[in-house]
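One structure is given here, and the rest of the page talks about it.
The values are calculated or read from the model by the stated rules, or taken from the named source; none is laboratory data. Keep in mind the model is a prediction, meaning the values are calculated, not measured. A quick note on method: Cβ atoms are made from the backbone with ideal geometry, for glycine too, and the neighbour counts reach across all protein chains shown. Just the protein is used for accessible areas: all its heavy atoms, side chains included, with ligands, DNA and RNA removed. Shrake-Rupley method; radii C 1.70, N 1.55, O 1.52, S 1.80 Å.
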Amino acid sequence: MTEGIRRERERERKEGPSLLALLSGSERRSRGRRQTGRAGSRKRVRKRSGALFAEQSWTMLSGSSLIWIGALLLGLTWASDFQHHGYEEMVRALFAIQGECPYITRIYSIGRSIEGRHLYVLEFSDHPGIHEALEPEFKYVGNMHGNEVLGRELLIYLAQFLCEEYRAGNERITHLIHDTRIHILPSMNPDGYEVAARQGPEFNGYLVGRGNAKEVDLNRNFPDLNALMYYYEKHNGQNHHLPLPDNWELQVEPETLAVIKWMQNYNFILSANLHGGAVVANYPFDKSREPRIRGKTSYSTTPDDKVFKKLAKTYSYAHSWMHKGWNCGDYFDEGITNGASWYSLSKGMQDFNYLHTNCFEITLELSCDKFPPATALASEWLANREALVSYMEQVHHGIKGMVYDENNNPISNAVISVAGINHDITSGTDGDYFRLLLPGTYTVTASAPGHQPFTSTVTVGPAEAVQLHFYLKVQPKGTNLNVKAYPNKKGSSTAKIPPTNLGPR
Ligand SMILES: [Zn+2]
């Protein structure tokens with residue numbers, strides 16, 4: 001039993017089982033006859049919010065009706081489920097989860113919006129607030145476009161689900177939380193949300209509330225590193241962690257600034273950015289390599305195209321209908337698309353993740369209706385629940401390991417290169433690295449300034465990440481074996497920015 005569970009159970013012994021534990025217990029009994037494993041914990045909430053006894057037999061309830069009545073009276077914590085959460089309600093919901101699962105969660109703010117709203121992140125981990133070596137960091141970002149609200153709601157439900165299922169002893173969720181540090185930012189654009197919400201679901205137009213308080217589209221607001229990348233590709237330049245332009249802080253909105261600093265402070269490995277207005281899993285690059293020609297699009301591959309396709313398919317196939325392809329009057333084969341082959345987009349967040357950090361991010365379009373009515377939220381949650389969990393589990397594929405020097409000191413910022421994939425990643429401050437890869441055999445090299453590079457061959461299977469550690473010897477004096485000579489071009493884009501394209505993402 002890990003520390004987290006032990007403390008949680010201990011708390012229950014002292015304070016008595018919580019409402020959630022009671023509900024989880026009775027539901028576990030009811031479904032134990034059918035199957036074990038992942039729970040439909042949302043059912044509980046639905047019961048409390050209208051369709052109370054729809055899925056539960058009276059006979060089962062009669063035995064524990066007192067508990068149910070008590071639960072109904074006490075069930076204020078999660079009472080706002082399957083309604084839209086305005087800013088205050090969202091904050092309350094996040095803190096309520098933190099209160100229910102204090103030993104596996106932490107709330108922190110990465111900054112404030114223009115109107116002063118906190119950009120709150122809810123973290124799940126068996127050691128909240130601490131990066132543990134070899135435990136990857138994952139993030140979900142919702143509501144970047146203020147009027148695309150489903151992602152915001154789904155992330156609140158996901159957080160509630162993780163907390164409830166952990167407490168109920170769900171093995172899969174416990175395993176996930178113990179082995180992963182999960183960061184959830186339900187709303188990147190709380191100001192835009194309030195503007196959109198004032199109109200409400202029925203009247204919300206395509207653009208009202210999309211941007212931040214200054215009506216800037218945050219998914220067109222990141223420094224453009226693609227132009228530099230496409231230049232480097234032709235000139236054998238740096239293939240990862242591209243530098244930011246001078247004074248970039250002055251060129252981005254406060255919300256974007258907060259998210260970039262966040263990305264720089266945590267070694268995120270995998271991420272998704274939740275949008276609405278279509279139903280498809282969209283992967284990098286978003287920006288076309290070719291100049292825009294009216295009516296023409298072109299696939300813009302990353303060196304990790306196969307991995308990105310797999311990530312996108314993981315979501316689309318675990319989603320109830322995304323993979324079917326026909327949605328919202330559009331067709332996307334298998335429910336996935338390369339960004340640029342749909343329409344080219346500059347200064348977006350997912351390309352920035354890949355080009356400036358170790359993080360692989362995809363953009364999920366989750367509903368035709370950007371602001372669905374509250375009555376649609378329960379079924380949307382059920383359609384996305386498995387996909388949201390499966391996608392997080394993808395952070396555990398490929399290879400991971402430590403990079404040490406001869407004295408077993410971890411080396412941060414060591415470069416990990418995989419032969420045949422022109423995109424390196426780096427080790428984090430603890431000397432640990434994570435390289436997402438599909439099953440196969442790879443030749444992997446670790447290098448660091450002042451050390452001799454070391455190359456290893458490794459076979460990746462379909463299951464958990466293979467561990468591959470490196471011990472780098474100090475480089476003999478007078479040699480310069482491992483420092484890649486990159487052309488020195490400052491990270492400033494000279495590319496013309498095409499007119500803003502206002503598609504869903
Ligand atoms: Zn969007």
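For the stretch 83-96, state whether one or more residues are at pLDDT 95 or above and among the polar types (S, T, N, Q).
Looking through the stretch 83-96, none of the residues is at pLDDT 95 or above and among the polar types (S, T, N, Q).
Quick one: in the stretch 343-392, which of the residues that are of a type outside the set (A, V, I, L, M) and in a strand (DSSP E or B) is farthest from the ligand (Cβ to nearest atom)?
PHE360
Only residues that are part of a helix (DSSP H, G or I) and either over 19 Å from ALA197 (Cα atoms) or within 16 Å of the ligand (Cβ to nearest atom) (or both): list them for the stretch 127-156, please.
The answer is LEU150, GLY151, ARG152, GLU153, LEU154, LEU155.
Quick one: in the stretch 202-219, of everything that is within 16 Å of the ligand (Cβ to nearest atom) and buried (at least 20 other Cβ atoms within 10 Å of the Cβ), which residue is farthest from ASN413 (Cα to Cα)?
ASN204
Is it the case, given these coordinates, that MET188 is closer than 19 Å to GLN350 by Cα, in contact with an Asp or Glu (Cβ under 7 Å, 6 or more places away or on another chain), among the hydrophobic types (A, V, I, L, M, F, W, C) and part of a loop (DSSP other than H, G, I, E, B)?
Judged against the criteria, MET188 is a match.
Test THR297 against the stated conditions and say whether it is within 16 Å of the ligand (Cβ to nearest atom) and either surrounded by 18 or more Cβ atoms within 10 Å (Cβ to Cβ) or assigned by TED's automatic domain parsing to the domain that holds PHE222 (or both).
Considered against the rule, which asks whether it is within 16 Å of the ligand (Cβ to nearest atom) and either surrounded by 18 or more Cβ atoms within 10 Å (Cβ to Cβ) or assigned by TED's automatic domain parsing to the domain that holds PHE222 (or both), THR297 comes out as no.
Mind listing whichever residues of the stretch 318-346 are open to solvent by 70 Å² or more (accessible area, probe 1.4 Å) and in contact (Cβ under 8 Å) with a residue 60 or more places away in the chain?
Scanning the stretch 318-346 gives a single hit, TRP321.
Could you say whether any residue in the stretch 234-246 is assigned by TED's automatic domain parsing to the domain that holds SER288, touching a residue at least 40 places away in the same chain (Cβ under 8 Å) and acidic (Asp, Glu)?
Within the stretch 234-246, none of the residues are assigned by TED's automatic domain parsing to the domain that holds SER288, touching a residue at least 40 places away in the same chain (Cβ under 8 Å) and acidic (Asp, Glu).
Would you point out which residue out of LEU274, LEU257 is in contact with a strand residue (DSSP E or B) (Cβ under 8 Å, 6 or more places away or on another chain), surrounded by fewer than 21 Cβ atoms within 10 Å (Cβ to Cβ), more than 16 Å from ASP351 (Cβ to Cβ) and among the aliphatic types (A, V, I, L, M)?
Selected residue: LEU257, the only one of LEU274, LEU257 that is in contact with a strand residue (DSSP E or B) (Cβ under 8 Å, 6 or more places away or on another chain), surrounded by fewer than 21 Cβ atoms within 10 Å (Cβ to Cβ), more than 16 Å from ASP351 (Cβ to Cβ) and among the aliphatic types (A, V, I, L, M).
What is the number of the single condition among (1) in contact with a helix residue (DSSP H, G or I) (Cβ under 7 Å, 6 or more places away or on another chain); (2) part of a loop (DSSP other than H, G, I, E, B) that THR429 does not meet?
(1)
Can you tell me which residue within the stretch 393-419, out of those that are polar (S, T, N, Q) and part of a loop (DSSP other than H, G, I, E, B), is least open to solvent (accessible area, probe 1.4 Å)?
SER412
Return the total of residues in the stretch 220-238 being open to solvent by 30 Å² or more (accessible area, probe 1.4 Å), of a type outside the set (S, T, N, Q) and under 27 Å from the mean Cα position of the chain (by Cα).
1
Return the only residue of GLN199, GLN160 being open to solvent by 30 Å² or more (accessible area, probe 1.4 Å) and more than 16 Å from the ligand (Cβ to nearest atom).
Unique residue meeting the criteria: GLN199.
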